[in-house]
1. Quickly work out the residue 173-to-residue 211 label distance, labels modelled 7 Å from Cα along the C-beta direction, and quote it in nm with one decimal.
2. Full extension from residue 20 to residue 129: what is 0.36 nm times the residue separation minus their Cα-Cα distance, to one decimal in nm?
3. At 222 nm, what value in deg cm²/dmol follows for the chain if DSSP H runs of at least 4 each add -39500 (n - 2.57) and the sum is divided by all its residues, to the nearest 500?
4. Between residue 228 and residue 163, what FRET efficiency comes out of the Förster formula 1/(1 + (r/R0)^6) with R0 = 45 Å and r the beta carbon distance, rounded to 0.05?
5. Taking only Cα atoms, what is the 0 to 90° angle, nearest 10, from helix 87-104's long axis to the longest principal axis of the chain?
6. Given C-alpha coordinates of region 107-241, what is the ratio Rg to Rh with the Kirkwood estimate of Rh?
7. Just the projected area, averaged over all directions, of the convex hull on the alpha carbon atoms of region 6-47: how many nm²?
8. Measure of size requested: the Rg and Dmax of the chain, with Cα atoms as the atom set and Å as the unit; please supply both.
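Every number here is computed from the coordinates shown, using simple stated rules; none is lab data. What you see is a predicted model, and the numbers here were worked out from it, not measured in a lab. Because the Cβ atoms are built from the backbone with ideal geometry, glycine has one as well, and the counts that use them run over all protein chains shown.
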């Protein structure tokens with residue numbers, strides 16, 4: 001997996017980054033509060049990428065990042081539209097953001113839960129309008145959201161202007177959400193395999209206890225996390241030193 005975006009994280013500043021970081025991945029977050037909303041994005045750290053906050057929406061919750069694959073720049077935007085955002089505000093915010101993106105990027109993907117059911121014509125007019133204006137289309141097929149009190153709906157979308165450069169769109173339940181499926185797509189490009197970091201281990205069969213204790217003293221671990229009361233914050237500092 002090269003890129004992963006998740007909406008409705010329901011976290012705030014009381015949750016440190018260390019709880020969500022994954023080895024060999026860049027991690028970005030945009031919180032609302034611990035009761036709703038929020039979004040995170042992961043991109044493999046060995047791929048050329050950078051977060052582009054100036055390409056993010058003003059009202060729609062989003063994280064935008066530039067990703068370079070085989071010399072081609074892509075703008076990837078993970079999105080979430082709360083139902084409290086009006087249809088007009090959604091259309092205006094999305095199209096305004098798209099206009100900024102299209103000036104600098106030829107290839108773009110918008111993905112996430114926009115709370116418009118594409119399986120019902122009368123419930124997806126704003127999203128259909130946006131797609132017509134921006135020249136993008138959804139490539140996810142079938143229902144993605146399953147609740148007890150409503151019919152299955154297609155609320156989670158992958159919108160792109162380069163459908164012919166994408167393949168293997170998937171829509172499946174993996175247990176990460178109680179009602180939403182995971183949606184995914186693959187670029188028609190050769191993404192390099194992730195390089196596994198070299199790890200060094202001590203041989204317990206030939207362990208020199210005195211040398212081991214000396215190395216621990218030289219590491220000066222107490223000063224690294226000095227005056228840090230939160231164990232998660234201490235762990236985060238330890239990993240970055």
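1. In this crude label model, residue 211 to residue 173 measures out at 5.6 nm.
2. Working: separation 109, 0.36 × 109 = 39.24 nm, distance 3.57 nm.
Taking 0.36 nm per residue and subtracting the Cα distance, the gain is 35.7 nm.
3. Result for the chain: -6500 deg cm²/dmol, rounded to the nearest 500.
4. Working: r = 49 Å, r/R0 = 1.09.
Once rounded, the FRET efficiency stands at 0.40.
5. Once rounded, the angle reads 70 degrees.
6. On the way: Rg = 24.9 Å, Rh = 20.0 Å.
Radius of gyration relative to Kirkwood radius: 1.25.
7. Working: hull surface 11.0 nm².
So the mean shadow area of the Cα hull is 2.7 nm².
8. Answer for the chain, Rg first and Dmax second: 21.6, 74 Å.
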